[in-house]
Amino acid sequence: MSNTLLSSIDPAPYLMFPERKPSPFVLVSDHAGRKVPEKLGDLGVGKEDWDRHIAWDIGIGEVGQLLHKALGSVLIEQVYSRLVIDCNRAPGHKTSIPHVSDETAVPGNIHAPETCRQMREKEILHPYHDVIEEVLSQRGQKPTALIALHSFTPQFGGKKRPWDIGILHNRDKRMSQIMLNLLREDPELCVGDNEPYVLTDTSDYTVPYHAETKGLPYLEIEIRQDLIGDKAGQHLWAERLAYLLPMVWERMAHD
Ligand SMILES: [Zn+2]
């Protein structure tokens, strides 16, 4: 038996859609996929739970790919489920291999030995972040913004979440404030400012690590999952973002 986690029948840990036309945006999606390495089986999680948000960010993989088509921007999507390893958590983070997720136990993680964590980090988390790093460094001095794409569940802990879209920010609020203002111009939209989550150095990894430490402007975008659960919704939200993102970029340049 080989001493790697991934074998020849498992997919590579990320999907890469190269830049098709000049764009300042590097699109990344930590929770786009829900694959599990063959050796881990189903982690003891029932089939119906694999369809839930605990496994992945429903709809966002498609929105990212439509956005890549519309803007031509490079897109990197994680392929494996966040139940295998959460790629928006720092290596070694205590919640990156969850024992319980939204009240559902993940037995395959509870009983996972330390070597299993190391393999998941080495073969899934690091290759994904290394390729983001490589894409960013290859851009050199080209003006660049990191756009992190997520989706969130309409309900959590028995509470309804009213927001259609949330924009998360930490120290650097350059792009988020412009995006929030643009979104609020649409009276139909319920817009969350650091909702349903607050972006921090410890609860997140991708934006703090790749953008804030390098001084890159960024957006962390969260779309409510029921709005992008079907093709029509995915197209609508991809079109909305494809319209707004260049506008945010333009306004930032003139600020
Ligand atoms: Zn997410």
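The values are calculated or read from the model by the stated rules, or taken from the named source; none is laboratory data. Since we're looking at a predicted model, the values are computed, not measured. In this analysis, Cβ positions are derived from the backbone assuming ideal geometry, glycine residues included, and neighbour counts consider all displayed protein chains. The protein model used for the area step is the full one, side chains on, heavy atoms only, and it has no ligands, DNA or RNA in it. Shrake-Rupley method; radii C 1.70, N 1.55, O 1.52, S 1.80 Å.
How much FRET efficiency would the formula 1/(1 + (r/R0)^6) give for residue 9 and residue 239, where r is the Cβ-Cβ distance and R0 is 35 Å, rounded to 0.05? Efficiency, rounded to the nearest 0.05: 0.45. When you filter the GluC sites (Glu not before Pro) in the stretch 188-255 for DSSP loop state and at most 13 other Cβ atoms inside 10 Å of their Cβ, you are left with 188. Shown are 16, 119, whose ranking by accessible area with a 1.4 Å probe and every protein chain present, most to least, is 16, 119. Between the amide H of residue 151 and those of 223, distances stay under 5 Å, these residues lying 5 or more places away or on another chain, with hydrogens modeled in the peptide plane. The alpha carbon gyration tensor of the stretch 105-255 gives principal lengths a ≥ b ≥ c with a/c of 1.5 or higher and a/b no greater than b/c, which makes the shape oblate. Rolling a 1.4 angstrom probe over the stretch 14-254 with all protein chains present gives an accessible area of which 54% lies on carbon and sulfur atoms. Ordered from highest to lowest accessible area with the whole protein assembly present and a 1.4 Å probe, 104, 206, 200, 213 read as 213, 200, 104, 206.
Surface calculation, 1.4 Å probe, protein heavy atoms: residue 99 sits at approximately 90 Å² accessible. When the GluC sites (Glu not before Pro) in the stretch 1-105 are filtered for DSSP coil states and for at most 12 other beta-carbon atoms within 10 Å of their beta-carbon, the remaining sites are 103.
Of the Cα atoms belonging to the chain, the radius of gyration and Dmax stand at 17.7, 58 Å. Counting only DSSP beta bridges whose two residues both lie in the chain, roughly 40 percent are antiparallel. Each Lys and Arg Cβ is given +1 and each Asp and Glu Cβ -1; about its Cα centre, the stretch 137-255 then shows a dipole of about 220 debye. What the chain shows is 47 Å² of accessible area per residue, with the surface traced by a 1.4 Å probe over protein heavy atoms.
In this structure, the pairs whose alpha-carbon distance is over 31 Å, taken from 142/173; 160/214; 35/94; 21/160; 21/173, are 160/214; 21/160.
Each part gets one Cα centre, and for the stretch 92-167 versus the stretch 15-80 those centres are 11 Å apart. In the stretch 110-199, which trypsin sites (Lys or Arg not before Pro) fall in coil by DSSP and have 10 or fewer other Cβ atoms within 10 Å? Those that pass, being in a loop and sparsely packed, are 171. Of 207, 106, 63, the residue with the greatest mean-square motion in the GNM of the chain, using alpha carbon springs below 10 Å, is 106.
Comparing 232, 55, 242 in a Gaussian network model of the chain, where Cα atoms under 10 Å apart are tied by springs, the biggest mean-square fluctuation is seen for 232. Extension gain for residue 247-residue 232 works out to 3.1 nm (0.36 nm per residue, less the C-alpha to C-alpha distance).
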